[in-house]
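First comes the structure, then the notes that go with it.
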Amino acid sequence: MNFTNDTIYPALAFEGIDQLQQMFHVVVMRQTYTWNEQGLLILSEEQDPLQVQDQLTDPNDLMSGVVEESDLAHYSQLKIKLLWLGQTS
């Protein structure tokens, strides 16, 4: 697969193999949003990078819990996977 990202959003593409040994293509894109003064959700001027590995609560303890999962979880029986992650400051 030839993949060109012409957007301003962090993205990448790769191939996977399912449990039946069939190849499939994966495209991962991440968009970061923020709330404006009117309470509307808008695209953030600064986009977060792709998470290529799980972010753990304690990096020294693999059983400590996950703060944020990797964006590269490539196999799902769903054809499209949308995740909405939120945080407050």
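The values are calculated or read from the model by the stated rules, or taken from the named source; none is laboratory data. As the structure is a prediction and not an experimental result, all values here were calculated from the model. Quick note on the areas: whole protein, heavy atoms, side chains included, nothing else; ligands and nucleic acids left out. Shrake-Rupley method; radii C 1.70, N 1.55, O 1.52, S 1.80 Å.
A few points about this structure:
- Probe 1.4 Å, accessible area per residue of the stretch 1-59, Å²: 80 Å²
- Extension gain, ASN5 to GLU68: 0.36 nm times the residue separation minus the Cα-Cα distance gives 20.3 nm.
- Ratio Rg/Rh [Cα only; Rh per Kirkwood] for the stretch 7-52: 1.21
- Net lengthening on full extension, ASP48/ASP18 (0.36 nm per residue, minus Cα-Cα): 7.9 nm
- Equivalent ellipsoid semi-axes, the stretch 1-80, via Cα gyration tensor eigenvalues times 5, rooted, Å: 26, 22, 12
- Between the stretch 29-47 and the stretch 52-69, the C-alpha centres lie 25 angstrom from each other.
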